[in-house]
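Remarks on the structure that follows.
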Amino acid sequence: MPKSNAADRLANYAAGLNLGRIREDLERRKDQMITKQGEAIAALLQIEQLASEVLMGEDTVTTLQYMWYLDFARQVYGLKRRFLAGKPMENEAKNTALFWKARGCDLRVLNRILAEVFSLPAAVEKK
């Protein structure tokens, strides 16, 4: 079956832009959306707090470097939400740690965050 042409797609898009229906959908789902967003923010805040505790125990990490390690923790948190667990999750987390090491972060600290915050195995550089 061939794809619709550009004119048909534009007509379907315009037909779907019913502002009244969109407003009704948003009003109906507003409370659920706010609750879900609040839960997501709380979970991310907890991850950042745990990662900060790891960083506070590190003499080699300066305050200016915290943002890089917190960005790493946020990225791994996103992976955990996508992959949940298993080998794919572990491999993605290891690759992410190696990526941040290449950007100048200390692999030992990254591995501590993986272990202590996410209960994941350490990333190891291949020689």
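Just so you know, all these numbers are worked out from the coordinates, no wet-lab data involved. Values in this document were obtained by computation on a predicted structure and should not be read as measured data. For neighbour counting, all protein chains shown are included, and Cβ atoms are generated from backbone atoms with ideal geometry for every residue, glycine included.
The GNM of the chain, with springs linking C-alpha atoms under 10 angstrom apart, assigns the highest mean-square fluctuation among G16, G38, G104 to G16. By the count of neighbouring beta-carbon atoms within 10 Å, fewest first, T60, T96 end up ordered T60, T96. Dipole orientation for the chain: of the candidates Q32, G16, S119, G16 has the Cα lying most toward the positive pole (charges on Cβ; Lys, Arg +1; Asp, Glu -1). In this model, which of K36/K94; K36/K87; K36/K101; K30/K80 are farther than 31 Å apart at the alpha-carbon? Listed pairs above 31 Å: K36/K101. Charged side chains reduced to their Cβ positions (Lys and Arg at +1, Asp and Glu at -1) give the chain a dipole of some 580 debye around its Cα centre.
Could you state the number of Å between the C-alpha centres of region 101-127 and region 41-98? A separation of 9 Å, based on Cα centres. Once the Cα atoms are used to define both axes, helix 19-56 deviates from the longest principal axis of the chain by about 0 degrees. Close amide H contacts of L120 (hydrogens built in the peptide plane, cut-off under 5 Å, sequence separation of 5 or more or a different chain): A115.
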